[in-house]
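K.L.:
Take this structure first; my questions come after.
Please treat every number below as a calculation from the coordinates, not as lab data. Everything numeric in this text was worked out from a predicted model, so none of it was measured. Positions of Cβ are generated from backbone atoms using ideal geometry, with glycine treated the same way; all protein chains shown enter the neighbour counts.
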Amino acid sequence: DGGITQSPKYLFRKEGQNVTLSCEQNLNHDAMYWYRQDPGQGLRLIYYSQIVNDFQKGDIAEGYSVSREKKESFPLTVTSAQKNPTAFYLCASSSWDNEQFFGPGTRLTVL
Amino acid sequence: AQSVTQPDIHITVSEGASLELRCNYSYGATPYLFWYVQSPGQGLQLLLKYFSGDTLVQGIKGFEAEFKRSQSSFNLRKPSVHWSDAAEYFCAVGAGAVTGGGNKLTFGTGTQLKVEL
């Protein structure tokens, strides 16, 4: 079945650590996205990539980094510079018509 | 810049009652419009989308939405709500297809639907 997978489902981070969230898709989509979701704030775009080896900052990119070395993969690194990383992170992908398909999400908690 | 407003943070309806969730958007041209649903701790699932043509769009799970350009609205409706419809609903607007595949969507802050039995 085609879809988007995110791992891990739950992630715990100690302050000062970098952590990487995985996102893989087998939908053959060119574009991929990372969102952060906090209660009452909807989805906020962190980074997006419209093609391999290229990506752009979204609305809240500070403290995050990404790479897009393969069409199928778009990992997100939450760095120690992100002051409030506890949140639910969603990855999505889309083709030409903007319809975005979402993964199941990763819940990150800072201890 | 495009934006989306969902004025209702929480809505409670009785099972079997009708439902309307409001969505207003701001965009200079003809937008692409979407409604997504999210169950707790899950990703988002597309309910329906509007690109062009008939302004009344049918989606999954018995939902429909109507695009009204004059009111910049894309309200979601369901004639009879089921207890399983309790979830959070997000409206989103996009700028249309661009070369290279995909484009950014702007999401509203969501409406939490509670269904009373």
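K.L.:
May I ask you to verify whether B:LEU44 is within 19 Å of A:SER93 (Cα to Cα) and either under 16 Å from the mean Cα position of the chain (by Cα) or in contact (Cβ under 8 Å) with a residue 40 or more places away in the chain (or both)?
P.N.:
Answer is yes for this residue.
K.L.:
In the range A:14-33, what residues are more than 11 Å from A:THR106 (Cβ to Cβ) and away from every other protein chain (no Cβ under 13 Å)?
P.N.:
Within the range A:14-33, A:LYS14, A:GLU15, A:GLY16, A:GLN17, A:ASN18, A:GLU24, A:ASN26 qualify.
K.L.:
Could you identify the single residue in A:GLY3, A:GLY40, A:GLY105 that is closer than 23 Å to B:TYR89 by Cα and buried (at least 17 other Cβ atoms within 10 Å of the Cβ)?
P.N.:
From the options A:GLY3, A:GLY40, A:GLY105, the qualifying one is A:GLY105.
K.L.:
Being touching a residue at least 24 places away in the same chain (Cβ under 8 Å) and away from every other protein chain (no Cβ under 14 Å) is the filter; apply it to the range A:73-83 and report the residue that is farthest from A:GLN37 (Cα to Cα).
P.N.:
Checking each candidate, the answer is A:SER73.
K.L.:
Considering every residue within the range B:49-67, establish whether at least one is of a type in the set (A, V, I, L, M, F, W, C) and under 21 Å from A:ALA31 (Cα atoms).
P.N.:
So far as the range B:49-67 goes, yes, one or more of its residues are of a type in the set (A, V, I, L, M, F, W, C) and under 21 Å from A:ALA31 (Cα atoms).
K.L.:
Which residues, taken from the range B:57-96, are away from every other protein chain (no Cβ under 14 Å), crowded, with 17+ Cβ neighbours inside 10 Å and not in a strand (DSSP E or B)?
P.N.:
B:PHE63, B:VAL81, B:ASP85, B:ALA86
K.L.:
Among the residues in the range A:51-72, are any crowded, with 22+ Cβ neighbours inside 10 Å, under 15 Å from the mean Cα position of the chain (by Cα) and facing another protein chain (nearest Cβ under 8 Å)?
P.N.:
Within the range A:51-72, none of the residues are crowded, with 22+ Cβ neighbours inside 10 Å, under 15 Å from the mean Cα position of the chain (by Cα) and facing another protein chain (nearest Cβ under 8 Å).
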